[in-house]
Each structure stands twice: as C-alpha cells, then as structure tokens.
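Structure, as structure tokens:
The values are calculated or read from the model by the stated rules, or taken from the named source; none is laboratory data. If you're wondering where the values come from, they're calculated on a predicted model, not measured in any experiment. Positions of Cβ are backbone-derived with ideal geometry, glycine not excepted, and every protein chain shown enters the neighbour counts. These area figures cover heavy atoms from the full protein model, side chains too; ligands, DNA and RNA do not enter into them. Shrake-Rupley method; radii C 1.70, N 1.55, O 1.52, S 1.80 Å.
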Amino acid sequence: MNYIHLSVLTINIWGIPFVSKDREVRVQRIAAELSTGKYDVVSLQEVWSEADYQYIKSQTELVLPYSHYFYSGVVGSGLCVLSAYPITAAFFHAWSVNGYVHRIQHGDWFGGKGVGLCRIAIQGHTINFYTAHLHAEYNRQSDEYMAHRVIQAFDTAQFIQQTRSDSVVQILAGDLNTEPGDLAYRVLLSTSQLRDAYQKGAPHGTNECPRNPYTSLESHQTIPDGKRIDYILYRVGDGSRLANASYTILTPEDCLSDHEAVHAKLNIVPPKLSRESSLEHIGDDVEIPELETFDAAINPLETSLLTDLTESIQICEDSLKQLDSSRKFYLWMSFAIIITLIMFSDFEAPYGFQMAYISVRVLLAILMGYFLFMGTLWNIIERHGILAGKLEMEIALRNIPNHGAGT
C-alpha cells in the first residue's frame with residue numbers, strides 16, 4: 001500500500017552570533033546530522049546568521065535539496081525549513097504582538113516573529129508544514145509576556161485552520177516556549193485540533209535537560225528533568241488516516257544545542273487509499289495507535305475550547321488594563337520632565353559645571369522622548385495587537401456549538 005512516510009525533525013539551534021556558546025562547531029554538527037538522509041522535513045529555529053543558514057543549506061542539499069528561510073523583522077525570523085520534497089509554496093504570517101522594542105536584552109521583537117508555512121508536494125499529495133517560535137518565557141513566576149504568547153498561540157491555530165485546504169496532513173514543528181498544560185499550549189491545540197506527537201515512555205525534557213552541558217546549575221536544581229517546550233504537532237487532513245506514529249528525542253554524543261532535537265515519524269494513509277481500504281485490509285505492517293498510547297494529560301481531545309478561550313480572553317483584558325495604567329505612567333513622567341526642563345531653561349550653571357548641566361538636559365530630553373514614545377505610539381500599537389487577538393477569540397467563543405447552553 002502506498003503510504004506517505006514522513007520523518008520530521010525540529011531543533012532550536014541556539015544560533016545567536018557572539019552570544020551562543022560554540023555556535024560554529026555546533027552548526028557543523030547539526031549540518032552533519034541533517035546530511036545523513038534520515039529526515040524528510042526539518043524545522044530549524046534561531047538561525048540568526050545568514051552564514052549559518054547558507055552553510056547548513058550547502059551541506060545538506062544532496063538529501064534535503066529544497067529549503068526556505070522566512071525573512072522578517074530586523075534580524076530575520078530565525079525560522080527555516082529543509083525538505084527532501086519540493087516546496088511548492090511558502091508564506092509567513094507575522095504576529096500582531098511580539099514583545100517590546102525597548103527590551104533589547106530579550107530581543108524577541110527584533111526577530112519579527114510569526115508562523116511560517118511551506119506547502120510540500122509528496123507522492124502527488126500536499127502536506128502543510130508549519131514552523132514557529134513563540135515568545136520566550138523569561139520569568140515563570142511573573143510572566144509579563146503571557147498575553148503575547150497566548151495571542152501568538154491562538155493566532156497560529158487560526159492560521160493553520162484557515163490554510164489547511166486540501167493537505168493530507170498539517171504539521172507544526174518548533175520551539176513553542178510553552179509547557180504541556182500551560183494556557184498557550186492548550187489554546188493552540190484546542191483551537192487548531194492538532195495532536196501532540198509525544199508518547200508515553202519518551203524522554204520528557206527538550207530544554208534545560210540534565211545531560212545537556214549548556215544547562216545551568218540553577219536549572220539542574222529547579223527543573224531536574226528539564227522542560228518540554230519543543231514540539232511536533234499534527235492533524236490528519238479530511239479523508240486521510242494516521243497509520244502509525246513514533247516519537248523520540250535525539251540525543252547524539254556531541255551536543256547540538258541547548259535544546260534537544262525532537263524527531264517524529266508519521267505514516268499517513270492518503271484519501272484515496274483511505275476510501276478504498278478498511279482496517280482489516282491494511283496489512284500486518286501497519287499499526288494503528290491506540291488513544292491511550294498518548295499522554296492523557298496533554299491529549300488535545302481532552303482540552304476544553306470553551307475554558308481555554310474564556311481564560312485567554314481574561315488574560316487579554318488584564319493586559320489591556322495594565323496597558324492603560326502604563327500609558328498614564330509614561331505620560332505623567334514625560335510631562336514632569338517637560339515641566340522640569342522649562343523651569344530650568346533660564347538657569348545658568350556655575351562655572352565648571354556647564355558640560356554636566358548640558359549632559360543632564362540632554363539625558364532628560366532623551367528620557368522625555370522615550371516616555372512619550374512608550375505612552376503614545378508603542379502603547380497604541382500594543383493595545384491594538386492585544387485588542388485584535390481578544391476580539392478574534394470572542395468570535396471563536398461565540399461560534400462554539402452549544403456555547404449558550406454551557407453558559
């Protein structure tokens with residue numbers, strides 16, 4: 001029987017120039033692993049160097065001759081796809097909210113993050129392969145980016161729903177920066193109806209893992225098993241069926257990144273074969289996975305879209321209130337600086353302090369510009385992004401079947 005066999009790999013390569021440790025050596029190791037021919041489609045994140053992308057592309061072109069990099073933002077999205085099969089179309093959807101321009105130490109905004117789509121032709125069929133890298137969680141106890149990440153997750157799910165068309169399977173692979181059970185994870189799966197490829201018995205962590213040499217001592221103590229934030233999610237298209245699936249964490253001897261690579265194999269029965277064959281005629285070589293082989297705690301079928309959207313909308317409302325408070329603070333600060341500058345406009349600095357006086361005035365003027373920018377333009381941009389996500393969630397909530405009966 002002519003099944004569609006897909007070997008999918010995803011890894012955050014941690015490729016930040018001048019920052020990531022052993023970047024050049026690790027990129028060489030990653031390219032060597034990808035050139036083995038074990039993988040049909042590969043999703044890479046944090047490919048922040050054009051030279052790294054070109055190197056990986058050149059080293060793998062014999063087995064992965066098709067590739068696409070999603071250019072976006074100031075430094076690029078960091079996302080690219082390598083494929084053994086032709087990429088027939090590509091599209092990038094940028095998210096409406098993506099961190100803060102003034103948080104240079106975090107840097108997410110400069111990547112212009114979003115979700116990328118590559119439509120790939122295989123055996124006369126099309127698969128939709130999506131790649132994404134959601135906003136990082138820098139402080140789990142006080143997560144100022146939760147609203148951004150939840151909206152990104154919902155936006156990604158909506159994008160997958162609207163673009164799946166005639167594909168025999170939709171696959172989302174990437175660093176989603178959210179753990180199983182988190183709101184962003186739940187709203188992504190419940191809205192898109194994707195399923196997690198993770199299976200019972202597989203290693204849990206994909207980041208800050210105990211055996212990874214780049215894991216900090218603090219992480220060893222606080223999360224001894226690591227955390228799972230890198231995923232391969234999938235949904236079989238209409239008329240197709242999943243024959244079997246496997247999931248592994250790639251742990252080579254030579255470390256590839258501060259993230260572990262996630263590998264999944266999916267065997268898909270395309271629509272024509274699915275119609276012509278019943279389960280008893282599939283054959284002994286195909287194994288249909290039981291629902292119980294997947295971790296029930298993260299089974300998307302058990303999540304409640306109603307609960308997830310309601311909670312997400314509340315997160316957005318809280319964020320909008322915080323934005324209003326921040327706007328008032330920034331504007332008051334800018335007005336206070338303006339008044340201060342006016343009051344001391346005629347002040348003559350004592351002899352020997354003229355340069356210090358001028359420096360203080362320049363610094364105050366810069367601060368005033370910063371506060372005005374944050375209280376007006378940036379506040380409006382973020383507010384519109386949050387509001388857009390909230391309104392889209394409300395539409396989705398109203399259209400849940402029997403929503404009225406549940407409320």
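Values as computed for the structure displayed
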| item | result |
| --- | --- |
| Positions within segment 34-60 being more than 19 Å from VAL75 (Cα to Cα) and within 23 Å of the chain's Cα centre (by Cα), in sequence order | LEU34, TYR39, ASP40, VAL41, VAL42 |
| Criterion violated by SER304 - all others in (1) over 21 Å from ASN98 (Cα atoms); (2) over 24 Å from the mean Cα position of the chain (by Cα); (3) surrounded by 13 or more Cβ atoms within 10 Å (Cβ to Cβ) satisfied | (2) |
| Candidate set from segment 85-114 (those that are at pLDDT 95 or above and among the hydroxyl-bearing types (Ser, Thr, Tyr)); member that is surrounded by the most Cβ atoms within 10 Å (Cβ to Cβ) | TYR85 |
| Filtered residues of segment 245-272 (kept if open to solvent by 40 Å² or more (accessible area, probe 1.4 Å), in a strand (DSSP E or B) and free of Cβ contacts under 8 Å to residues at least 60 places away in the same chain) | SER246, THR248 |
| Per-region count, segment 226-260, residues out of contact with any Leu (no Cβ under 8 Å at 6 or more places or on another chain) and within 18 Å of LEU176 (Cα to Cα) | 9 |
| Residue match in segment 141-160 (condition: assigned to a strand (DSSP E or B) and free of Cβ contacts under 8 Å to residues at least 40 places away in the same chain) | no |
| Some residue of segment 210-221 being within 30 Å of LEU323 (Cβ to Cβ) and not in a loop (DSSP other than H, G, I, E, B) | no |
| Members of segment 115-132 found to be open to solvent by 10 Å² or more (accessible area, probe 1.4 Å) and in a strand (DSSP E or B), listed by number | LEU117, ARG119, ALA121, HIS125, THR126 |
| Lone unmet requirement of (1) under 19 Å from HIS93 (Cβ atoms); (2) assigned to a loop (DSSP other than H, G, I, E, B); (3) touching a residue at least 60 places away in the same chain (Cβ under 8 Å) for THR178 | (3) |
| Flag for THR10 being at pLDDT 95 or above, within 26 Å of ALA197 (Cα to Cα) and open to solvent by 50 Å² or more (accessible area, probe 1.4 Å) | no |
| Among the candidates GLY201, GLY181, GLY237, residue that is over 20 Å from the mean Cα position of the chain (by Cα), at pLDDT below 95, of a type in the set (Gly, Ala, Ser) and under 28 Å from LEU397 (Cβ atoms) | GLY237 |
| Total residues in segment 74-84, condition out of contact with any His (no Cβ under 7 Å at 6 or more places or on another chain) and open to solvent by less than 60 Å² (accessible area, probe 1.4 Å) | 5 |
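For (1) over 14 Å from VAL262 (Cβ atoms); (2) open to solvent by 50 Å² or more (accessible area, probe 1.4 Å), each residue gets a yes or a no:
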residue: GLN170; (1), (2): yes, no
residue: GLY181; (1), (2): yes, no
residue: GLN193; (1), (2): yes, yes
residue: PRO203; (1), (2): no, yes
residue: PRO213; (1), (2): yes, yes
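Results for (1) closer than 25 Å to MET146 by Cβ; (2) open to solvent by less than 60 Å² (accessible area, probe 1.4 Å); (3) of a type in the set (Val, Ile, Thr), shown as yes or no for each residue.
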| site | (1), (2), (3) |
| --- | --- |
| SER326 | yes, yes, no |
| TRP332 | no, no, no |
| GLU348 | no, no, no |
| TRP378 | yes, yes, no |
| LEU391 | yes, no, no |
